[in-house]
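Student: Okay, here's the structure, questions in a sec.
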Amino acid sequence: MSKFSGPADIYNELIEDVPEDEEWLLGLVAFGVIEEQKIEWMQHHAENNGGLPSDEEIKTWYLQQPSGVILRAKDTARARLTSYAQDAISIYMADFEKEIVDGIIVEEIREIKKFWPQFGVNLAGGFTSAILFAALLTLIAFFVFNDTSPVDIGAQLGRHSEESNHD
């Protein structure tokens with residue numbers, strides 16, 4: 001279709017009659033691009049001619065549009081959608097990065113908060129282990145320095161039991 005009598009013809013060309021391999025959103029944005037061009041033309045006409053164009057002048061504007069207007073509008077729409085998508089991805093990635101960094105920082109703070117109670121438990125366990133080890137060493141040292149052999153202990157126990165029996 002090379003001649004357009006109004007916005008309905010352009011709408012049909014860009015949105016209604018699109019091939020299946022084209023995205024309808026591209027056609028919708030392209031339609032918006034053409035309508036934006038019409039509004040700019042209408043504003044220019046109003047500034048230079050003292051008023052908005054008549055319905056007949058608007059229809060003539062549509063009829064004067066070359067067949068390449070559709071291709072240019074699609075290219076402009078594709079560029080705008082690509083730019084929008086890149087901006088949206090950049091914003092999403094920045095937010096995602098911020099969430100990750102904030103999550104790592106919060107997790108590190110939580111780990112620090114977990115450190116002190118665990119440090120106290122470890123300190124108490126180490127202190128208790130040191131006391132038990134010192135008590136064990138003291139007991140061993142007592143037996144070693146007193147040179148008490150099992151035979152001597154048995155002999156002394158035997159003497160005490162004999163003394164008890166004689167009384």
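The values are calculated or read from the model by the stated rules, or taken from the named source; none is laboratory data. Worth saying up front: this structure is predicted, and the values here are computed from it rather than measured. Here the Cβ positions follow ideal geometry from the backbone for every residue, glycine too, while neighbour counts run over all protein chains shown. We work out accessible area using only protein heavy atoms, side chains counted, and drop any ligands, DNA or RNA first. Shrake-Rupley method; radii C 1.70, N 1.55, O 1.52, S 1.80 Å.
Student: Test Lys38 against the stated conditions and say whether it is of a type outside the set (Asp, Glu) and modelled with pLDDT of 90 or more.
Tutor: It is true that Lys38 is of a type outside the set (Asp, Glu) and modelled with pLDDT of 90 or more.
Rundown of residues vs (1) modelled with pLDDT of 90 or more; (2) over 22 Å from His44 (Cβ atoms), yes/no style:
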residue	(1), (2)
Asp55	no, no
Asp75	yes, yes
Ser83	yes, yes
Ser90	yes, yes
Met93	yes, yes
Glu99	no, yes
Val106	no, yes
Phe115	no, yes
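Student: Please indicate, with yes or no, whether at least one residue in the stretch 3-14 is within 19 Å of Thr82 (Cα to Cα) and in contact with a helix residue (DSSP H, G or I) (Cβ under 6 Å, 6 or more places away or on another chain).
Tutor: Yes: one or more hits.
Student: Looking at (1) under 36 Å from the mean Cα position of the chain (by Cα); (2) surrounded by 10 or more Cβ atoms within 10 Å (Cβ to Cβ), can you tell me which one Ile112 breaks?
Tutor: (2)
Student: For Tyr62, only one of the following conditions fails: (1) over 24 Å from Glu40 (Cβ atoms); (2) in contact with an Asp or Glu (Cβ under 8 Å, 6 or more places away or on another chain). What is its number?
Tutor: (1)
Student: Working carefully through the options Ala79, Ala124, find the one that is under 30 Å from Asn12 (Cα atoms), modelled with pLDDT of 75 or more and assigned to a helix (DSSP H, G or I).
Tutor: Only one candidate passes the filter, namely Ala79.
Student: Let me ask something additional. Quickly run through the stretch 79-93 and pick out the residues that are open to solvent by 100 Å² or more (accessible area, probe 1.4 Å) and touching a residue at least 12 places away in the same chain (Cβ under 8 Å).
Tutor: Passing the criteria: only Arg80.
Student: Also: Hey, does the stretch 68-78 have a residue that's over 20 Å from Val18 (Cβ atoms) and either surrounded by 10 or more Cβ atoms within 10 Å (Cβ to Cβ) or aliphatic (A, V, I, L, M) (or both)?
Tutor: No, every residue in the stretch 68-78 fails to be over 20 Å from Val18 (Cβ atoms) and either surrounded by 10 or more Cβ atoms within 10 Å (Cβ to Cβ) or aliphatic (A, V, I, L, M) (or both).
Student: Pick out the one residue from Phe145, Phe127, Phe96, Phe119 that is loosely packed, with under 10 Cβ neighbours inside 10 Å and aromatic (Phe, Trp, Tyr).
Tutor: Result: Phe145 is the single residue among Phe145, Phe127, Phe96, Phe119 that is loosely packed, with under 10 Cβ neighbours inside 10 Å and aromatic (Phe, Trp, Tyr).
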